[in-house]
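These notes concern the structure reproduced below.
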Amino acid sequence: MSVESASYRVIYPRVRRRRSPIARWYRSNEPAVLGLAGLASFFILWQVASNAGLIDDLFFSSPTAVLQAAVTEVQVPRFWSDVQYSLTEVIVGFIASLVLAVPLGLVIGWYRRVSFAFDPWLNFLNAIPRPALIPLVVLWVGLGIEMKTIIVFLGGFFSIILPTVEGVRTVDQGLLDVAHSFRASQRRVFTSVVIPATVPFIAAGVRLALGRLLIGVVVAELYAQTQGIGVMIERSADVLDSARMLFGVLIFTLMGVLTTGLAGRVERRFQRWRPSANLDLEEGV
Amino acid sequence: MAASSELALSARGLRMEYRDRSSDTRLVAIETMDLDVGDGEFVSLLGPSGCGKSTFLKIVNGLLKATAGEIRLRRSGTGREDAMVFQDAALFPWYSVLDNVAYGLVCAGVSNADARKRAAPLVELVGLQGFETKYPYQLSGGMQQRANLARALAVDAAILLMDEPFASLDAQTREVMQAELLRIWNAARKTVVFVTHQIEEAVYLSDRVVVMSSRPGRILADIRIELPRPRLLEVKRSAEFTAYAAQIWKLLASQPAAADSGRHG
Amino acid sequence: MVRANERLFYGILGFIVIGLIWEAAGDLGLYRKSLLSTPSLVWTAAVQDFGSGAIWPDLGTSFVEFALGFGAAMVVGIPLGIAIGMFRRVDHFVSLLLFGIYSTPKAAIAPLIILTAGIGLESKVILVFLLAFFSVIVSTVAGVRSVAERHLDIAHSFGASRWLQFRSVILPSTFPFILTGTRIATGRALVGVIVAEELAANQGIGHYIELYGAFLQTSRVMLGIVLLGLFGIILGEGVRRIEKRYEVWRQEIH
């Protein structure tokens, strides 16, 4: 080989910078800091735009105005009865859907042919946008709280029953074989194999249901105009009291964040063990 | 033996530390490493999980930056000096076999058509002729790793870095792939740095086995394997082979098992 | 495959049987026809309204509202979502805000939108856009976030430029998630169309349903519902078929 060595590329180590404790704290909490900064910027920009007259106060209001409206509203008993009204629809509707959809789903899914038979109708009903069902439900039960609860219920019901049926249908044959080889009774097979295997699917359905809960409430209340936060929103909009209207929207945002957050919890707790596509079933409307 | 007395790779005083952001503790993956690899040599890095062997490869390849120490790579005329053969899930599911193999070339600026032309003979070399238009999900694990290897060969780098490429294969396929690798290495005459935690594999394939300790990693021994080449699979049953394996096994047996599953190993 | 045929067979059987039960229950007077109508009555209404052409303008209006709002949401949402996902700091900056807006039922703003944009096409398109947009963008960002680090390592290892990394790794990885987001968005968009029409419109299927609901013409209400259900299924199935084709591109690397 040649007397002089061939040229080399040198790989150097990382240059370490001493970081102040503040910088280090920032680095490990960056996502939260930035997220809060983003939120704050949004409100600041909104307020500034409102003050500068860049946006029409009448329609878009401003953070301070909404805050004032909030302070006023929470002292009015009517507000709290509206909140209670809306909350009742949500909670009763959801729980009812859970209580009915899970057992029904388990039973339907267990008998494979029956599940095939129900599939088309279940999928069809799930695909119907719920606002479209409102006039029908009104024909049944009028404009009261029952109508809204039923609308919420229907959304939850189909969200939960479809994945549940799918879950029962796709229980691992291997696990069933184990149960059968130990001569387990039908009931035991069900409780010890089928139900635990279906839990992730039920959880996925619950997650979907939680995400769609509020749409039903809002839409039903806007339509019926009797009571609830939706009515508060509509009435405020009618008199161009956008601050109060946005406060109503904020209440729904709060409820939405809670339900979506809960949905996320459910998802993480029951850990998806399959790629998302399979469990992102039947997100109808 | 090395084809020339030139060094393809030379590491001095290499050290790798991780700082855990939340608890602010330090994790030493590599305590210190001095390693020379000659041109055309086949060197294995062998050690328990988490001993820093994969970390070493990543530092050479540029995926990680060392905390301290330097590495010198002999320049080749043609682009990159090194190419990595990754462990698993190494092919892009959305590209055909041919396009996957051609990928390294495309990254280097070669046109798609030219890259495919240059990749085609390599697909043959690794025994995948006829599968050029297939997609990774249609291939077995062994076949995927062949394509993985072909991709690294296609960029014509002097040094091949192989990160436990056969770890996810079953025993039979693994043996076949080991023999295949030697055949290809003979034909392509590259320098290879091969990471594994299987003693048999290291002894069978290499000119030298560099044994590393568990974390914090450092070199325990650098053992020259004086088995004649070309090596057939039968050599695994020879007395010399068994002796080497036993020697290494004793070295490793004195090492504590790693606590975690070698995420940084 | 026996399985697929069984599924189809019992599916069709079940569909027909339940339809027959519905018809029989109605005709036998087990419930008041004004509550649920019967398949035959719905069919009659369909023949009438399609035959006379009365329903076409409504269908057309709803479809246009849907297409415009949904199309705009995709055109704006996908690139924006990719851009956000690719720059980590930007992603963190907007994520809380996006989450808040995403969790808010956009329908609650419908009255405001109708107030500002009137009862014509614009207000519907805006509402549909808002509903679809946030689904698309959240799914797209999630898709970019899910790009396998291993694949980026490979691109980096072979020296790919940022642009090539984008084309060869990020875009294909994100695509299945974009499809899922699109599927979810079609459902939301449909809700938007109907809500806006029910609140203030003089055309469209939502309006159609509401109108005949007020007149107690249940069969037409059912017709509208059936048409919407069909549309929803066709859209959903369509996207799902495409999703399945690209399913292999979705990698779970842990």
Problem set entry | Criterion (at pLDDT 85 or above, away from chain A (no Cβ under 13 Å) and within 28 Å of residue A:27 (Cβ to Cβ)) met by exactly one of B:17, B:31 | B:31
Seminar exercise, completed: The helices (runs of 4 or more DSSP H) lying entirely within region C:1-87 that contain at least 3 residues which are more than 30 Å from residue C:133 (Cα to Cα) and in contact (Cβ under 8 Å) with a residue 24 or more places away in the chain are C:33-36, C:39-51
Exercise. Are there any helices (runs of 4 or more DSSP H) wholly within region B:123-220 with 1 or more residues that are of a type in the set (Val, Ile, Thr), over 25 Å from residue B:81 (Cβ atoms) and modelled with pLDDT under 95, and if so which?
Worked result: B:171-188, B:199-205
For this session: Can you tell me which residue among C:77, C:81, C:51 is away from chain A (no Cβ under 13 Å) and more than 27 Å from the chain's Cα centre (by Cα)?
Result: C:51
Exercise. Hey, any hits in region B:28-43 for a residue that's without any contact (Cβ under 8 Å) to a residue 40 or more places away in the chain, on the phi < 0 side of the Ramachandran plot, touching a Lys or Arg at 6+ places or on another chain (Cβ under 7 Å) and assigned to a strand (DSSP E or B)?
Worked result: no
Seminar exercise, completed: Of the candidates A:98, A:136, A:143, the one satisfying the condition of being within 18 Å of the chain's Cα centre (by Cα), hydrophobic (A, V, I, L, M, F, W, C) and closer than 23 Å to residue C:191 by Cβ is A:98
Exercise. Looking only at region C:31-78, which residues are under 10 Å from residue C:219 (Cβ atoms) and aromatic (Phe, Trp, Tyr)?
Worked result: C:43
Exercise. If the Cβ limit is 8 Å and pairs must be 6+ apart or interchain, which residue in region A:7-26 that is within 23 Å of residue B:78 (Cβ to Cβ) pairs with which residue that is in a helix (DSSP H, G or I) and modelled with pLDDT of 85 or more?
Worked result: A:11/B:59; A:11/B:60
Exercise. From the set of residues in region A:116-146 that are aliphatic (A, V, I, L, M) and not in a helix (DSSP H, G or I), which is nearest to the other protein chains (Cβ to nearest Cβ)?
Worked result: A:128
Exercise. Mind checking whether some residue in region C:145-158 is touching a Gly at 6+ places or on another chain (Cβ under 6 Å), away from chain A (no Cβ under 13 Å), of a type outside the set (Phe, Trp, Tyr) and buried (at least 23 other Cβ atoms within 10 Å of the Cβ)?
Worked result: no
Exercise. (1) farther than 23 Å from residue C:135 by Cβ; (2) assigned to a helix (DSSP H, G or I); (3) more than 7 Å from every other protein chain (Cβ to nearest Cβ): which one isn't true of residue A:240, the others all being true?
Worked result: (2)
Seminar exercise, completed: When (1) at the interface with another protein chain (Cβ under 10 Å from one of its Cβ atoms); (2) in a helix (DSSP H, G or I) are applied to residue A:15, the one that fails is (2)
Problem set entry | Candidate set from region B:152-176 (those that are crowded, with 22+ Cβ neighbours inside 10 Å and without any contact (Cβ under 8 Å) to a residue 60 or more places away in the chain); member that is farthest from the chain's Cα centre (by Cα) | B:154
Problem set entry | Residue pairs meeting the criteria (Cβ under 9 Å; at least 6 apart or on separate chains; first within 14 Å of chain C (Cβ to nearest Cβ), in region A:191-215; second outside any helix (DSSP H, G or I) and hydrophobic (A, V, I, L, M, F, W, C)) | A:204/A:270; A:204/A:281; A:207/A:270; A:208/A:281; A:212/A:285; A:215/A:285
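Considering only region C:103-118, I want to know if a residue exists there that is in contact (Cβ under 8 Å) with a residue 60 or more places away in the chain, within 7 Å of another protein chain (Cβ to nearest Cβ) and surrounded by fewer than 17 Cβ atoms within 10 Å (Cβ to Cβ).
no
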Exercise. So is residue A:55 out of contact with any Pro (no Cβ under 9 Å at 6 or more places or on another chain), within 30 Å of residue C:98 (Cα to Cα) and assigned to a loop (DSSP other than H, G, I, E, B) or not?
Worked result: yes
Seminar exercise, completed: Filtering region C:142-166 for residues that are in contact with a strand residue (DSSP E or B) (Cβ under 9 Å, 6 or more places away or on another chain) and among the charged types (D, E, K, R) leaves a count of 1
For this session: Report, by residue number, each residue of region B:69-87 that is more than 23 Å from residue C:167 (Cα to Cα) and at the interface with another protein chain (Cβ under 7 Å from one of its Cβ atoms).
Result: B:69, B:70, B:71, B:72, B:73, B:74, B:75, B:81
For this session: Quickly run through region A:57-80 and pick out the residues that are over 28 Å from residue A:40 (Cβ atoms) and exposed (fewer than 12 other Cβ atoms within 10 Å of the Cβ).
Result: A:76, A:77, A:78
Seminar exercise, completed: Checked pairs for region B:217-236, first over 30 Å from residue B:31 (Cα atoms), second part of a loop (DSSP other than H, G, I, E, B) and among the charged types (D, E, K, R), C-beta under 9 Å and 6 or more apart or across chains, list as B:229/B:207
Problem set entry | Among the residues listed as B:66, B:90, the single one being surrounded by 18 or more Cβ atoms within 10 Å (Cβ to Cβ), within 7 Å of another protein chain (Cβ to nearest Cβ) and modelled with pLDDT of 90 or more | B:66
Seminar exercise, completed: For region C:48-62, the count of residues that are within 21 Å of residue C:232 (Cα to Cα) and of a type outside the set (D, E, K, R) equals 8
Exercise. Residue C:176 fails exactly one of the following numbered conditions: (1) surrounded by fewer than 22 Cβ atoms within 10 Å (Cβ to Cβ); (2) within 26 Å of residue B:107 (Cα to Cα). What is the number of that condition?
Worked result: (1)
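The values are calculated or read from the model by the stated rules, or taken from the named source; none is laboratory data. The structure displayed is predicted, hence computed values, not measured ones. Using ideal geometry, Cβ is built from the backbone for each residue, glycine included, and neighbour counts are taken over all protein chains shown.
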